[in-house]
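Some notes on the structure that comes next.
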Amino acid sequence: MKRLKRPYITAVITTLAIAAALVAVLRPDGKKDEVSFGGTGTTQQAKANPASDVQLPTNPRDWETQRTLADGTTIGVTTLHGEKSGFTGKVWVWAPKEYKDPKYANSAFPVLIALPGSYGFPNNYWWGKDFSLQEKIEQAAAEGKSKPYIIVMPVQNPNRDNYYDGADIPGQPKMGTWMSEDVPNLVKENFRTFKSPSGWGFFGSSSGGYIGIKMALQHPDKFSFAIAGGPDTFPDSPLWKGHEQEKQANNPEQLAADLIKQGGPTKVRITMLMGDKEPAKDLQRIKGFIAAYNKGPIAIDLHMIPNAGHDGYKYGAALFQGPLEKISKYVPGPTAG
């Protein structure tokens, strides 16, 4: 089971994050602060080349301020009513300081969708100061070890009753469509993004890592990479009972095999993060997955974390110990002009 190997760690992270989520940023008049990440200025529209890889924002909204970083950038949060999925949930987002730099005013930025472990509901802990994911991305970008990603942090389950495997399980909320359609569409409405899948990918811990892998393998026309800490490689929600065909259509092992059959150049890059103290059977399973599917259009590598078990904090730290820098070499970044 990908989600409950270290239940006390997951519980602590989730409890702290939910408590933090209850703290709103208020102005002196008692109203909530809001932040806008920019619109579709006439200059951008005039200079945009329809044949380019730049997708201009189409319907920007105001976001409630969730956290302000020392560099003045802001993490915003909104409630998204998913047009495609019919699901309504929260989405957090952050844009690096380069995003509002005038020299990048007509440039796209890559998108990193960050997913937490455990249920990922009603909160996504990656926006919090505990992990400082945004500060670390900014620092890595300044050192040339990362692209300046827009970080998107949606909820990944509709409740804490079950895991939905980031999929459209028959008769259940369409969490696969939420993640593959509604969340990316929200980002496209609000930010300058890349049209090609090379500018889109995932970072996730445990259950979030599993969803990231599945999304990249299931939708290589939309996402090109996934960095996954301690993930499963197969769906195991109890809600699949009686729906074996649909379950296999959401099985990363089957999806990888199908993608390999299609052939062609590399479409998806996956990095697995595993602690050296995780159960031997899990390490063996991950190594088996890599041995079977690291070929053709799929490139997979394994990053081992010393003195670590199944731990979201360890996965978050390991992201900056080589994996993000390696993936970023294949991800387009903003260009001045």
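The values are calculated or read from the model by the stated rules, or taken from the named source; none is laboratory data. Quick caveat: nothing in here was measured; it's all calculated off a predicted structure. Heads up, the Cβs are rebuilt from the backbone with ideal geometry, glycines too, and the neighbour counts pull from every protein chain shown.
Within the set of pairs 6+ apart or on separate chains, which have a first residue in segment 255-279 that is touching a residue at least 60 places away in the same chain (Cβ under 8 Å), a second that is of a type in the set (Ser, Thr, Tyr) and outside any loop (DSSP other than H, G, I, E, B), and C-beta atoms under 7 Å apart?
Matching pairs, first to second residue: LEU273/TYR315.
Of the conditions (1) out of contact with any Lys or Arg (no Cβ under 8 Å at 6 or more places or on another chain); (2) more than 21 Å from LYS147 (Cβ to Cβ); (3) part of a loop (DSSP other than H, G, I, E, B); (4) at pLDDT 95 or above, ASN250 satisfies every one except a single condition; which number is it?
Here ASN250 meets the rest and fails (1).
Considering (1) of a type outside the set (A, V, I, L, M, F, W, C); (2) over 26 Å from PRO96 (Cα atoms); (3) under 15 Å from the mean Cα position of the chain (by Cα), say which one PRO220 fails and leave the rest.
(2)
For segment 33-60, what are the residues that are aliphatic (A, V, I, L, M) and at pLDDT 85 or above?
Listed by number, the residues that qualify are VAL54, LEU56.
Restricting to segment 198-230, what's the tally of residues that are part of a helix (DSSP H, G or I), within 13 Å of LYS267 (Cβ to Cβ), without any contact (Cβ under 8 Å) to a residue 60 or more places away in the chain and not aliphatic (A, V, I, L, M)?
Summing the residues that are part of a helix (DSSP H, G or I), within 13 Å of LYS267 (Cβ to Cβ), without any contact (Cβ under 8 Å) to a residue 60 or more places away in the chain and not aliphatic (A, V, I, L, M) in segment 198-230 gives 1.
Taking segment 139-163, which residues are closer than 24 Å to PHE194 by Cβ, surrounded by fewer than 19 Cβ atoms within 10 Å (Cβ to Cβ) and either of a type in the set (Val, Ile, Thr) or touching a residue at least 40 places away in the same chain (Cβ under 8 Å) (or both)?
Matches in segment 139-163: LYS145 only.
Mind listing whichever residues of segment 271-301 are among the charged types (D, E, K, R), part of a loop (DSSP other than H, G, I, E, B) and either surrounded by 17 or more Cβ atoms within 10 Å (Cβ to Cβ) or in contact with a Gly (Cβ under 7 Å, 6 or more places away or on another chain) (or both)?
Result: LYS277, GLU278.
Which of the residues belonging to segment 289-308 are farther than 17 Å from ASP258 by Cα and more than 22 Å from the chain's Cα centre (by Cα)?
Across segment 289-308, the qualifying residues are PRO306, ASN307, ALA308.
Restricting attention to segment 48-93, and to residues there that are among the charged types (D, E, K, R) and in contact (Cβ under 8 Å) with a residue 40 or more places away in the chain, which single residue is nearest to PHE37 (Cα to Cα)?
It comes out as ARG61.
Which residues, taken from segment 143-172, are assigned to a loop (DSSP other than H, G, I, E, B) and either more than 22 Å from PHE234 (Cα to Cα) or among the small types (Gly, Ala, Ser) (or both)?
Within segment 143-172, GLU143, GLY144, LYS145, SER146, LYS147, PRO148, TYR149, GLY166, ALA167, GLY171 meet the criteria.
Looking only at segment 55-89, how many residues end up being among the charged types (D, E, K, R), touching a Lys or Arg at 6+ places or on another chain (Cβ under 8 Å) and under 24 Å from TYR125 (Cα atoms)?
Total satisfying the criteria: 3.
Could you look through segment 166-187, keep only residues that are surrounded by fewer than 21 Cβ atoms within 10 Å (Cβ to Cβ) and among the polar types (S, T, N, Q), and pick out the one that is farthest from ASN250 (Cα to Cα)?
Looking at residues that are surrounded by fewer than 21 Cβ atoms within 10 Å (Cβ to Cβ) and among the polar types (S, T, N, Q), I get ASN185.
Name the residue, out of GLY176, GLY128, GLY208, GLY199, that is at pLDDT 95 or above and in contact with an Asp or Glu (Cβ under 7 Å, 6 or more places away or on another chain).
It is GLY176.
Does VAL187 satisfy being part of a strand (DSSP E or B) and modelled with pLDDT of 95 or more?
no
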